[in-house]
Amino acid sequence: MYLPTYCSSPTSSSSSILRACRFRFASTLSSSPVKNYSFASPPRISANYSSPSSVNYRSLSFSSALRSLRCSSTRWSHGVDWRSPVSLRAQIRTASPVLERFERKIATMASEHPFSGIFTALPKPGGGEFGKFYSLPALNDPRIEKLPYSIRILLESAIRNCDNFQVTKEDVEKIIDWENSAPKQVEIPFKPARVLLQDFTGVPAVVDLASMREAIKDLGSNPDKINPLVPVDLVIDHSVQVDVARSENAVQANMDFEFKRNKERFAFLKWGSTAFRNMLVVPPGSGIVHQVNLEYLGRVVFNTEGILYPDSVVGTDSHTTMIDGLGVAGWGVGGIEAEATMLGQPMSMVLPGVVGFKLSGKMHDGVTATDLVLTVTQMLRKHGVVGKFVEFYGEGMGQLSLADRATIANMSPEYGATMGFFPVDHVTLQYLKLTGRTDDTVAMIEAYLRANKMFVDYNEPQLERVYSSYLELDLADVEPCISGPKRPHDRVPLKDMKADWHSCLDNKVGFKGFAVPKEQQDKVVKFSFHGQPAELKNGSVVIAAITSCTNTSNPSVMLGAGLVAKKACELGLEVKPWVKTSLAPGSGVVTKYLLKSGLQKYLNQQGFHIVGYGCTTCIGNSGDLDESVASAITDNDLVAAAVLSGNRNFEGRVHPLTRANYLASPPLVMAYALAGTVDIDFEKEPIGTGKDGKSVYFRDIWPTSAEIAEVVQSSVLPEMFKSTYEAITKGNEFWNQLSVPSSSLYGWDSDSTYIHKPPYFDGMTMDPPGPRGVKDAYCLLLFGDSITTDHISPAGSIQKDSPAAKYLIERGVDRRDFNSYGSRRGNDEVMARGTFANIRIVNKLINGEVGPKTIHIPSGEKLYVYDAAMKYKSAGQDTIVIAGAEYGSGSSRDWAAKGPMLQGVKAVIAKSFERIHRSNLVGMGIIPLCFKAGEDAETLGLTGHERYTIDLPSKTSEIKPGQDITVTTDQGKSFTCTLRFDTEVELAYFDHGGILQYVIRNLTKQ
């Protein structure tokens, strides 16, 4: 349930993360003196909204009873320890009068619910009941038995939230009839149970919420209407950088730097945790958001006021899908879409197809979960799963630990799926117990999921489920591999790596090529590293990082890396000192089991000291390379390599100086660090020379599966999870010392370079602006395929000569304090300047030259993209972007849509869009258009020097999702594109100028 508790005093430091009107899940409500409450979804309510057009879409509607509950006390909290409900009984008794009033209100609603007939009790084995739930079997519809488990979660949500207004009985029928309706691309609403944020996306989200409060106040309404109505968990994990490595003091030193750089951001988030109800902020130094979600925040089944329902979550990080490995439906959305979800807006989504992925067999000895996920990623990319769910099943499931499943689910964005879903089974229940969930909680979860046909018991005969398409993988076919050098799905079997590397050196510049002249490929650069002789060549490893939630949540690969380090130390091998090595666990649990196993000391000997608890190198927070190493690379134009246990390796992401970036398992990261190069055949060539003078080969240091299993069994204990997450709620010294104001409206500081009030709502009125076509627009940028959100809105370092750097220097910020683009997402002025600022971006308008510049067409000047955009904007000239396939792939960052909007971009025409980015463009009022199949800028003869007009009807009622739109140029060309507003609701957002404007106007009218 949501356990209500009154907030502590604003001056209480250690419990500041518990103060902000939050609700925390607890499953042992029946042991509490508070009785179970029957609950039904809100009845149909008048929206009080009339659109100037005749578009029929769902408006915001909130139950007055829910609003009364949430506003009737000073603050509510979901930030309590949900595993220790007994300690909260006194607080619950205090809140009982409020809950009793709420119970009386919802009792009158229950009879009005369209599905009240299937609302039933879930009995406990020993008497009493766990709670009540909406029973899918009670519908007596044979179609439900064939539904994929992931679709059953959408169905239950639609039934529970059905009020025949936001969610209708027709929506429920569409989902039940999934087999027939999904191919028709029908639209359904979905209301997730909660929202998950990390700080890079969380800061702009809280900035938007704070701005929305002021906007709604300016429109004459109550700013307190802007409050999350579902639990919101924000984990600060994206800010720590590897400034200090290879040091016993690295964690403390990097945290010192982190707080120094980000004090203002952190104080702002702490203010948000007190100003907004229902928001939990997990302080820096706690872990990576997705690992914390998996080990702690994930509920699997909610028990809210006695109502049982499946956990589901949308997050502002694309790897939110990691929770799918726990049987929780979760995926990434744009920050602006998440903000609307927080405020009660149903998500509008196309009912997805589901790819059934059957697993069979068993992996060979020495093959890791990372090898498996890279294989799965390549298979699914080839199959084509964009916009679809992938659901795993088959007898091979029993061979995968929960951590292995989470690794596969984590990389859903890399294979393009909305979800990579693993239904709950006995393996899930074992993991829940391992991670400290109580026996009562796990019993409730199992009982509910079995009763509602959402539990898979592989000991029972399996009914054949229907899927949209099918894939199968024999786990015995998986072999050791890595991926790179520039994309996660470019898998390379380990045995072929040396040959593949030499092909990359030869190939023309592209995803698999560097075009290094033959005579330059083997050159050796000698230099001095702190007085020691050192050397680099093409393929030399200069960064080796064990990082990322993808792998650090998996004890098998983490302890496997420790065993490799141990064997190497015993044989006398040592990582070269000029390789920047780092270990960034996803939670404190990893540290505990590495210490218990005795393997951390060997990792330290190889330079893999723990540097912090956060994403670090995986998101580009790799820190500077030593000046001598950096000079050797740049002065000699070397193709240096990074090897990391991450999930993304796009150009310019990991480090500006590592042009080759490979994803590998933690044990392989260790092996490549020891070898010092990616130009090696591990089967035939030695890694190095041992202390006895003999050659040491890969096979000499690689642990067996049995060795790994033994150390996992003895070192990973439930108590480690319990003690780690009990400590999280206490904060840390740095966090607890931050003082923040208690006001509900934020006091903007005009001199701040971190937090700045954005202009989205300036001059906003209650009248929607309506549809807007594009007339005589210039092409700002002309791209090829696979432009990622890292290209559009980089998260890494701010280059010294960039427009963003100029802005910061003008405001007195020293270069060493620039921090990263990701850390400055709370300032629209910096981020607008950082849009299209990736140093590896390739714009065809400047004839393939690499870098963040473009041609200002009217003058012919070559300018930074931002400067050209501002020149167009000041002249009142619209701009568009033209791109190839997979535009906007990568991270689900809303700044990749906000930035172009602030630069004046009105439309993007591409061959195809990544799912989340297209949604973000819509949310910011930018028109997404797709070329017709077989067409693109090249086939149509577009140079980017034309002026473009996009004709749209003047009324929203005359626009249909997915309709054809004509684009004409001033040079007489005309072509047809598909309008990628995919639902009626998205048309409503466009009518209002964006999703947030839509939400504000509807809330104001309530």
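The values are calculated or read from the model by the stated rules, or taken from the named source; none is laboratory data. Because the structure is a prediction, the values reported are computed rather than measured. Cβ placement follows ideal geometry from the backbone for every residue including glycine, while neighbour counts extend to all protein chains displayed. What goes into the accessible areas is simple: the full protein's heavy atoms, side chains included, and nothing from ligands, DNA or RNA. Shrake-Rupley method; radii C 1.70, N 1.55, O 1.52, S 1.80 Å.
If you go through the stretch 130-185 and pick out every residue that is farther than 20 Å from P423 by Cβ, open to solvent by 30 Å² or more (accessible area, probe 1.4 Å) and among the aliphatic types (A, V, I, L, M), you end up with 1. If you go through the stretch 367-408 and keep only what is in contact with a Ser or Thr (Cβ under 7 Å, 6 or more places away or on another chain), open to solvent by 10 Å² or more (accessible area, probe 1.4 Å) and closer than 18 Å to I482 by Cβ, you end up with just T368. Within 16 Å of the chain's Cα centre (by Cα), over 25 Å from G822 (Cβ atoms) and surrounded by fewer than 23 Cβ atoms within 10 Å (Cβ to Cβ): is that true of S348 in this structure? The answer is no for S348. Select from the stretch 166-185 the residues that are closer than 14 Å to F115 by Cα, touching a residue at least 40 places away in the same chain (Cβ under 8 Å) and not in a helix (DSSP H, G or I) and list them in ascending order. Answer for the stretch 166-185, where residues must be closer than 14 Å to F115 by Cα, touching a residue at least 40 places away in the same chain (Cβ under 8 Å) and not in a helix (DSSP H, G or I): just V167.
Got a sec? Which of D801, D817, D790 is touching a Lys or Arg at 6+ places or on another chain (Cβ under 6 Å), farther than 28 Å from V999 by Cα and of a type outside the set (A, V, I, L, M)?
Numbers: D801 fails: touching a Lys or Arg at 6+ places or on another chain (Cβ under 6 Å); D817 fails: touching a Lys or Arg at 6+ places or on another chain (Cβ under 6 Å).
Selected residue: D790, the only one of D801, D817, D790 that is touching a Lys or Arg at 6+ places or on another chain (Cβ under 6 Å), farther than 28 Å from V999 by Cα and of a type outside the set (A, V, I, L, M).
Sub-8 Å Cβ pairs linking a first residue in the stretch 637-659 that is acidic (D, E) to a second residue that is assigned to a loop (DSSP other than H, G, I, E, B), at least 6 apart or interchain, are E651/K486; E651/R659; E651/N838; E651/R840, ordered by first then second residue.
Yes or no, residue by residue, for (1) among the basic types (K, R); (2) open to solvent by 20 Å² or more (accessible area, probe 1.4 Å); (3) more than 17 Å from L902 (Cα to Cα); (4) in contact (Cβ under 8 Å) with a residue 24 or more places away in the chain:
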residue: K844; (1), (2), (3), (4): yes, yes, yes, yes
residue: N847; (1), (2), (3), (4): no, yes, yes, no
residue: I857; (1), (2), (3), (4): no, yes, yes, yes
residue: A868; (1), (2), (3), (4): no, no, no, yes
residue: I880; (1), (2), (3), (4): no, no, no, yes
residue: A883; (1), (2), (3), (4): no, no, yes, yes
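The C-beta contact set for the stretch 503-524 (first residue open to solvent by 50 Å² or more (accessible area, probe 1.4 Å), second residue in a helix (DSSP H, G or I) and small (G, A, S), distance under 8 angstrom, 6+ apart or interchain) comprises K512/S503.
Selection within the stretch 457-472: residues that are over 16 Å from T428 (Cβ atoms) and among the aromatic types (F, W, Y). The member of this set that is least open to solvent (accessible area, probe 1.4 Å) is Y467.
Please work out if V564 is within 20 Å of F698 (Cβ to Cβ), out of contact with any Gly (no Cβ under 6 Å at 6 or more places or on another chain) and touching a residue at least 60 places away in the same chain (Cβ under 8 Å). Before the answer, list the steps.
Values: within 20 Å of F698 (Cβ to Cβ): yes; out of contact with any Gly (no Cβ under 6 Å at 6 or more places or on another chain): yes; touching a residue at least 60 places away in the same chain (Cβ under 8 Å): yes.
Here the answer is yes, as V564 does meet what is asked.
From the list T274, T321, the one residue that fits, being hydroxyl-bearing (S, T, Y), modelled with pLDDT of 95 or more and assigned to a helix (DSSP H, G or I), is T321. Quick check on the stretch 942-957: of everything there that is open to solvent by 20 Å² or more (accessible area, probe 1.4 Å) and modelled with pLDDT of 95 or more, which residue is nearest to Q185 (Cα to Cα)? That would be T949.
Going residue by residue through the stretch 434-456, is there one that turns out to be buried (at least 19 other Cβ atoms within 10 Å of the Cβ) and at positive phi? Yes: the stretch 434-456 contains one or more residues that are buried (at least 19 other Cβ atoms within 10 Å of the Cβ) and at positive phi.
V922: part of a helix (DSSP H, G or I), in contact with a Phe, Trp or Tyr (Cβ under 7 Å, 6 or more places away or on another chain) and not hydroxyl-bearing (S, T, Y), yes or no? Before the answer, list the steps.
Values: part of a helix (DSSP H, G or I): yes; in contact with a Phe, Trp or Tyr (Cβ under 7 Å, 6 or more places away or on another chain): yes; not hydroxyl-bearing (S, T, Y): yes.
Considered against the rule, which asks whether it is part of a helix (DSSP H, G or I), in contact with a Phe, Trp or Tyr (Cβ under 7 Å, 6 or more places away or on another chain) and not hydroxyl-bearing (S, T, Y), V922 comes out as yes.
Scanning the stretch 959-1006 for residues that are at pLDDT below 95 and touching a Lys or Arg at 6+ places or on another chain (Cβ under 6 Å) gives a single hit, L1003. If the condition is being free of Cβ contacts under 8 Å to residues at least 40 places away in the same chain and among the charged types (D, E, K, R), then the stretch 686-718 contributes K694, R699, E710.
Would it be correct to say that K806 is of a type in the set (K, R) and at pLDDT 95 or above?
It is true that K806 is of a type in the set (K, R) and at pLDDT 95 or above.
For A476, indicate whether it is within 24 Å of W578 (Cβ to Cβ) and either open to solvent by less than 10 Å² (accessible area, probe 1.4 Å) or touching a Gly at 6+ places or on another chain (Cβ under 6 Å) (or both). Write out each step before concluding.
On the way: within 24 Å of W578 (Cβ to Cβ): no; either open to solvent by less than 10 Å² (accessible area, probe 1.4 Å) or touching a Gly at 6+ places or on another chain (Cβ under 6 Å) (or both): yes.
Judged against the criteria, A476 is not a match.
The set of residues in the stretch 966-976 that are assigned to a strand (DSSP E or B) and either among the aromatic types (F, W, Y) or surrounded by fewer than 21 Cβ atoms within 10 Å (Cβ to Cβ) (or both) comprises T966, T968, T969, S974, F975, T976. Within the stretch 564-616, work out how many residues are open to solvent by 10 Å² or more (accessible area, probe 1.4 Å), assigned to a helix (DSSP H, G or I) and out of contact with any helix residue (DSSP H, G or I) (no Cβ under 7 Å at 6 or more places or on another chain). Residues flagged as open to solvent by 10 Å² or more (accessible area, probe 1.4 Å), assigned to a helix (DSSP H, G or I) and out of contact with any helix residue (DSSP H, G or I) (no Cβ under 7 Å at 6 or more places or on another chain) within the stretch 564-616 amount to 5.
Can you find even one residue in the stretch 334-350 that is touching a Leu at 6+ places or on another chain (Cβ under 9 Å) and more than 30 Å from I226 (Cβ to Cβ)? The answer is no; no qualifying residue exists. Residue count for the stretch 675-719 satisfying the condition of being open to solvent by 20 Å² or more (accessible area, probe 1.4 Å), of a type outside the set (G, A, S) and over 30 Å from V541 (Cα atoms): 5.
Return yes when P656 is open to solvent by 40 Å² or more (accessible area, probe 1.4 Å), part of a loop (DSSP other than H, G, I, E, B) and not small (G, A, S) and no when it is not. Answer is no for this residue.
Considering only residues in the stretch 351-364 that are open to solvent by 10 Å² or more (accessible area, probe 1.4 Å) and not hydroxyl-bearing (S, T, Y), the one that is nearest to L987 (Cα to Cα) turns out to be G353.
Regarding the stretch 792-808, can at least one residue be identified that is among the polar types (S, T, N, Q), out of contact with any helix residue (DSSP H, G or I) (no Cβ under 9 Å at 6 or more places or on another chain), closer than 30 Å to P413 by Cβ and open to solvent by less than 20 Å² (accessible area, probe 1.4 Å)?
Keep residues of the stretch 792-808 that are among the polar types (S, T, N, Q), which gives 793, 797, 799, 802.
So of that shortlist, the ones also out of contact with any helix residue (DSSP H, G or I) (no Cβ under 9 Å at 6 or more places or on another chain) come out as 797.
Applying the additional criterion that residues be closer than 30 Å to P413 by Cβ yields 797.
Imposing the further condition that a residue be open to solvent by less than 20 Å² (accessible area, probe 1.4 Å) reduces the set to none.
Within the stretch 792-808, none of the residues are among the polar types (S, T, N, Q), out of contact with any helix residue (DSSP H, G or I) (no Cβ under 9 Å at 6 or more places or on another chain), closer than 30 Å to P413 by Cβ and open to solvent by less than 20 Å² (accessible area, probe 1.4 Å).
Taking the conditions (1) among the aliphatic types (A, V, I, L, M); (2) in contact (Cβ under 8 Å) with a residue 12 or more places away in the chain; (3) in a strand (DSSP E or B) in turn, A805 satisfies each one other than (3).
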